[in-house]
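*Asks:* Could you have a look at this structure, given as C-alpha cells, before my questions?
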Amino acid sequence: MNSRNDQHNIEKEKLVSNTEERNARHKKAMQRKKEYIDGRIAEATIDKGLLVVLTGNGKGKSSSAFGMLARSVGHGLRCGVVQFIKGQWECGEQMLFADHPLVEFYVMNTGFTWETQDRDKDIEAAVATWKKAAALLSNPEVKVVILDELTYMLTYGYLDKEMVLSALENRPADQHVIVTGRNASKELIELADTVTELNENKHAFYDGVKVQKGIDY
Ligand code: ATP
Ligand code: MG
C-alpha cells in the first residue's frame, strides 16, 4: 500500500516538475517572440496609402474588402466603393453601406459577362463605371476605395490596363485602395503593397448548396 502511495507521489512530482519546466520554456519562448515582434513593430515606421489586392479562387475576397470598409467607416474615414460586377442577389454590404454618409457606393449596371453575353454593352458599362472609380482615385478627401471585381474588367480587356494602373499609381499618397477579383495580373500584383491569394480548399457550392444570405451575399 505504502509503495503504491510512494509511486503515486513520485508520478505527481514528475508531473508538477514537467509542468513547471514546460511553463518556464513557454515563458522564455514568448519573451523571445515578444522581443522579435516589438523589434519588427519599431522598424515599421512608414505611413502610406496601401494598394491591397485580394485574388485567387477561394471565397473571401469581397467579404474581406468589405470588412476593411467596416473598419474604415468605424474610424470615420470617407470611403468609396465601386462594384464592377452586379450580382444576381442584393448583397448585404450594399444594403448596409450604400446610404451611409461616409460612403459613395457605385454598382455597374450589368450583370456577369456570361449573362449579358454582349461585349459592346459590357465595355460601355465598364467604361462608365470606371469614371466613378477614377473620380474617387483623384479625390484626396476619400481615404479608402474598394474596387470590387475590377480584375475581370482587365482580363476581359474591357478597360485599358495602362489607364487603370496609372490611376492607381497616381492616386493621393495616403489613400488606401483594395482591389478584388480572380486572376489579378502580374502588373497589378507588382504595383500592390499587400497581396493575398485566397486558395480554394472546399466550397459548399460543389456539394450543391445554394448561395446563403449573410455568408455569400
Ligand atoms: P465573398 O464575396 O464571399 O468574399 P469572393 O469575393 O471571394 O467571395 P467571388 O468570386 O467574387 O468570391 O464570388 C462571389 C460569390 O460566389 C459569393 O457568393 C461566393 O460565396 C461565391 N463563390 C466564391 N468562391 C466560389 C467558388 N469557388 N465556387 C462557387 N462559388 C463561389
Ligand atoms: Mg467577390
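*Asks:* Using 1/(1 + (r/R0)^6) with R0 = 41 angstrom and r between the beta carbons of Glu21 and Ala42, what's the FRET efficiency to the nearest 0.05? Numbers along the way, then the final one.
*Replies:* Working: r = 32 Å, r/R0 = 0.78.
Efficiency, from the Cβ-Cβ distance: 0.80.
*Asks:* May I ask you to derive the relative contact order of the chain, considering only C-alpha pairs under 8 Å and at least 6 residues apart, and to give it as an integer percent?
*Replies:* Working: 295 pairs, mean separation 67.1, N = 217.
It rounds to 31 percent for the chain.
*Asks:* While we're looking at this one, here's another question. Can you give me the long-range amide H partners of Ile85? Hydrogens built in the peptide plane at 1.01 Å from N, cutoff under 5 Å, separation of 5 or more residues or another chain.
*Replies:* Amide H to amide H, under 5 Å and 5 or more residues apart or across chains, Ile85 pairs with Met108.
*Asks:* Can I ask one more? With a 1.4 Å probe and all protein chains left in place, how much of the accessible area of the chain comes from carbon and sulfur atoms, in whole percent? Before the final figure, lay out each step's value.
*Replies:* On the way: 7340 of 14450 Å².
For the chain, the apolar C and S fraction of the accessible surface comes to 51 percent.
*Asks:* Pop out the ³J(HN,Hα) list for region 174-180 in order, Karplus 6.51 cos²θ - 1.76 cosθ + 1.60 with θ = phi - 60°, rounded to Hz; leave Gly and Pro as x.
*Replies:* Here the 3J(HN,Hα) series is 9, 8, 8, 10, 10, 10, 10 Hz.
*Asks:* Compute the helix-to-body angle for 61-74: its Cα long axis versus the longest principal axis of the chain, expressed 0 to 90° and rounded to tens.
*Replies:* Orientation of helix 61-74: about 90 degrees from the principal axis.
*Asks:* If you take the charge dipole of the chain about its Cα centre, with +1 on Lys and Arg Cβ and -1 on Asp and Glu Cβ, which of Asn5, Val142, Ile46 is farthest toward its positive end?
*Replies:* Asn5
*Asks:* Follow-up. Applying the Karplus parametrisation 6.51 cos²θ - 1.76 cosθ + 1.60 with θ = phi - 60° to the phi angles of region 135-148, what ³J(HN,Hα) value in whole Hz is obtained for each residue in order, glycine and proline being reported as x?
*Replies:* 5, 5, 6, 10, 9, x, 6, 8, 9, 9, 10, 10, 10, 7
*Asks:* Sort region 51-207 into rounded, prolate or oblate with this rule: let a ≥ b ≥ c be the square roots of the eigenvalues of the Cα gyration tensor; rounded if a/c is under 1.5, and if a/c is not under 1.5, prolate when a/b is larger than b/c, oblate otherwise. Can you show the working numbers first?
*Replies:* On the way: a/c = 1.24, a/b = 1.14, b/c = 1.09.
It is rounded, given that a/c, with a ≥ b ≥ c, falls under 1.5.
*Asks:* For a quick protection proxy, order the peptides 27-38, 184-195, 76-87 by their average other-Cβ count within 10 Å, most packed first. Please list the in-between numbers first.
*Replies:* Details: 27-38: 10.0, 184-195: 15.2, 76-87: 20.2.
In descending order of packing, they fall as 76-87, 184-195, 27-38.
*Asks:* State, as an integer percentage, the relative contact order of region 33-125 based on alpha-carbon contacts under 8 Å between residues 6 or more apart.
*Replies:* Values: 63 pairs, mean separation 18.9, N = 93.
Worked out over region 33-125, it gives 20 percent.
*Asks:* Let me ask something else. What are the ³J(HN,Hα) values, in whole Hz, obtained from phi via the Karplus relation 6.51 cos²θ - 1.76 cosθ + 1.60 with θ = phi - 60°, for each residue of region 204-217 in sequence order, with x given for Gly and Pro?
*Replies:* These are the phi-based 3J(HN,Hα) values: 4, 3, 6, 9, x, 7, 7, 4, 10, 4, x, 9, 9, 8 Hz.
*Asks:* Label-point separation (nm) for Glu13 and Asn199, each offset 7 Å from Cα along Cα-to-Cβ?
*Replies:* 4.9
*Asks:* Let me ask something additional. With +1 on each Lys and Arg Cβ and -1 on each Asp and Glu Cβ, and nothing else charged, work out how big the dipole of the chain is about its Cα centre, in Debye to the nearest 20. Each step should come with its number before you reach the end.
*Replies:* Working: 29 positive and 32 negative charges, 189 e Å.
About 900 debye.
The values are calculated or read from the model by the stated rules, or taken from the named source; none is laboratory data. Just so it is clear, the structure is predicted and the values come from calculations on it, not from any experiment. Note that we place each Cβ from the backbone using ideal geometry, even for glycine, and neighbour counts take in every protein chain shown. These area figures cover heavy atoms from the full protein model, side chains too; ligands, DNA and RNA do not enter into them. Shrake-Rupley method; radii C 1.70, N 1.55, O 1.52, S 1.80 Å.
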